[in-house]
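Peer 1: Please read through the structure below; I'll follow up with questions.
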Amino acid sequence: MPLLILGAEKNTENKELCHFVVPSSVNSHLMGDGLAIPILAYAVLKNFGMPEPTTAAFMIFAFYFVAAKFSAAGIPGGGIIVMLPVLETYLGFTSDMQSLVLAIYLLYDPIATCANVMGNGSFAIFIDRCVSWVDQKRTSRAA
């Protein structure tokens, strides 16, 4: 995050705004993981010929998934390692299925992280330009 703030400061006019926007948006990538891992888990379930989980079972999985996901360390692959016991307990994953999910996630995570960092920097630049545009409109009306 410190390097992202420095990069955003170099590309914006309002340096203080970067110190607000970047920290407030830096964890938005967890929403993408929150969608990607359940979809990946469902695909692996179907690939291994496992029955579809019931709605109640999937809702219980989703509850524990969210709780575990937001308590995981922000290290590469940390989120999926925390998720493996949840997948085993609530969706019946075998060790082969867990290994496949882990391998796919470890390939997916760096690409998603790169896209998230780039998106967070772009978001800071976008907010800076919006604030500059509003300030221009305000000063032109006042003149």
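Peer 1: Right, Ala72: at pLDDT below 85, surrounded by 15 or more Cβ atoms within 10 Å (Cβ to Cβ) and assigned to a loop (DSSP other than H, G, I, E, B) or not?
Peer 2: When the stated conditions are applied, Ala72 passes them.
Peer 1: I need a count of the residues in the stretch 15-40 that are of a type in the set (D, E, K, R), free of Cβ contacts under 8 Å to residues at least 24 places away in the same chain and under 29 Å from Leu102 (Cα atoms). Even if it seems obvious, please write down each step before you answer.
Peer 2: Step one: list which residues in the stretch 15-40 are of a type in the set (D, E, K, R), which gives 15-16, 33.
After this cut, where a residue has to be free of Cβ contacts under 8 Å to residues at least 24 places away in the same chain as well, the list is 15-16.
If we keep only those that are under 29 Å from Leu102 (Cα atoms) too, we end up with none.
The total comes to 0.
Peer 1: Can I ask one more? Go through the stretch 21-42 and give me each residue that's of a type in the set (Val, Ile, Thr), at pLDDT 85 or above and surrounded by 15 or more Cβ atoms within 10 Å (Cβ to Cβ). Steps first, answer last, please.
Peer 2: Initial filter on the stretch 21-42 (of a type in the set (Val, Ile, Thr)): 21-22, 26, 37, 39.
Within this subset, residues satisfying the condition of being at pLDDT 85 or above are 21-22, 39.
Val21, Val22, listed by residue number.
Yes/no matrix, rows are residues, columns are (1) of a type outside the set (Asp, Glu); (2) farther than 30 Å from Trp133 by Cβ:
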| site | (1), (2) |
| --- | --- |
| Met1 | yes, no |
| Glu13 | no, no |
| Ser71 | yes, yes |
| Leu100 | yes, yes |
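Peer 1: Something else: Return yes or no: is Gly77 closer than 30 Å to Val131 by Cβ and either open to solvent by 90 Å² or more (accessible area, probe 1.4 Å) or not acidic (Asp, Glu) (or both)?
Peer 2: No; evaluated as a whole, the condition is false for this residue.
Peer 1: Out of the residues in the stretch 43-59 that are assigned to a helix (DSSP H, G or I) and at pLDDT below 90, which is least open to solvent (accessible area, probe 1.4 Å)?
Peer 2: Ala57
Peer 1: In the stretch 75-100, which residues are more than 13 Å from Tyr64 (Cβ to Cβ), in a helix (DSSP H, G or I) and without any contact (Cβ under 8 Å) to a residue 24 or more places away in the chain?
Peer 2: Once the filter is applied, which keeps residues that are more than 13 Å from Tyr64 (Cβ to Cβ), in a helix (DSSP H, G or I) and without any contact (Cβ under 8 Å) to a residue 24 or more places away in the chain, the stretch 75-100 yields Gly78, Ile81, Ser95, Gln98, Ser99.
Peer 1: Hey, another quick one. Applying the selection to the stretch 14-42, what residues are out of contact with any helix residue (DSSP H, G or I) (no Cβ under 6 Å at 6 or more places or on another chain) and outside any helix (DSSP H, G or I)?
Peer 2: Of everything in the stretch 14-42, those that are out of contact with any helix residue (DSSP H, G or I) (no Cβ under 6 Å at 6 or more places or on another chain) and outside any helix (DSSP H, G or I) turn out to be Asn27, Ser28.
Peer 1: Given the criterion within 18 Å of Ile37 (Cβ to Cβ), hydroxyl-bearing (Ser, Thr, Tyr) and part of a helix (DSSP H, G or I), identify the matching residue among Thr113, Thr139. Steps first, please.
Peer 2: Numbers: Thr139 fails: within 18 Å of Ile37 (Cβ to Cβ).
After applying the criteria, what remains is Thr113.
Peer 1: Turning to a different aspect of this structure: Would you confirm whether any residue within the stretch 89-101 is out of contact with any helix residue (DSSP H, G or I) (no Cβ under 9 Å at 6 or more places or on another chain) and either at negative phi or of a type outside the set (Asp, Glu) (or both)? Write out each step before concluding.
Peer 2: Step one: list which residues in the stretch 89-101 are out of contact with any helix residue (DSSP H, G or I) (no Cβ under 9 Å at 6 or more places or on another chain), which gives 96, 99.
Next, from what is left, pick out any that are either at negative phi or of a type outside the set (Asp, Glu) (or both): 96, 99.
So far as the stretch 89-101 goes, yes, one or more of its residues are out of contact with any helix residue (DSSP H, G or I) (no Cβ under 9 Å at 6 or more places or on another chain) and either at negative phi or of a type outside the set (Asp, Glu) (or both).
Peer 1: Here is a follow-up. Name the single residue that is surrounded by the fewest Cβ atoms within 10 Å (Cβ to Cβ) among those in the stretch 91-126 being within 30 Å of Ala56 (Cα to Cα) and among the polar types (S, T, N, Q).
Peer 2: The selected residue is Ser95.
The values are calculated or read from the model by the stated rules, or taken from the named source; none is laboratory data. Given the structure is predicted, the values throughout are model-derived calculations rather than measurements. So basically every Cβ, Gly included, is an ideal-geometry build from the backbone, and we count neighbours across all protein chains shown. Keep in mind that these areas ignore ligands, DNA and RNA; they rest on the heavy atoms of the full protein, side chains included. Shrake-Rupley method; radii C 1.70, N 1.55, O 1.52, S 1.80 Å.
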